[in-house]
Amino acid sequence: MRKMLFSIFVLSLITGCISCQKKIDIEKEKEAIIAVIEEETDAYFHRDYERWANTYIQDETNIRLTASSNGYNYIVGWDDLNSYFEENFKEPELQLTPVKTDYKIKILGNAAWVVCNEKYINNETGKDVGGNPIEVRILEKVDGEWKIGFLSLVSTKSYEKEVGEEPETE
């Protein structure tokens, strides 16, 4: 009888501890993730290095992979990423406004993956200048803050058609 009572006590204690765990507010986390991505992009376009760097995981696991009509880049580690972008932050601000849409986010504990579309609007004309990349990012929560650990960007301008589109006929 004692063993059964003890087992019930332990089971109820474990169940109580599990139910006391902090619930994740998925919508709040998604908002925080989007805010980090928007901050990274805005800081880059305004050439604000400190803001930009603060959005990244700054260790050897950071990866950036981009592809466009100019070729591709594959950069591994914060030191190499930082060196690659060093010259960019010496240039004037870009006269474009980036607009991200169609966010798809999946949160897996302290990690999240994100897919979104982006377009660039010319600040003077208000017109889309093309390129329109598709982005994939993986973020991790570090000391309670979301940080970018992986970024992949594919410029759709580099390709004639989407897979599945009907070929043009003459």
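Where a number appears in this text, it was derived from the coordinates with a stated rule and is not lab data. Quick caveat: nothing in here was measured; it's all calculated off a predicted structure. Neighbour counts run over all protein chains shown; Cβ positions are idealised from the backbone, glycine included.
Of the residues LYS127, LYS157, the one with the fewest other Cβ atoms within 10 Å heads the list, and the complete ranking is LYS127, LYS157. Compared with the direct C-alpha span, the chain from LYS104 to ASP42 gains 20.4 nm at full extension, assuming 0.36 nm per residue. Annotation for the range 36-110 versus the range 114-129: alpha-carbon center distance of 16 Å.
Note on ASN88 and LEU65: their simple-model spin labels are 1.8 nm apart, each label 7 Å out from Cα toward Cβ.
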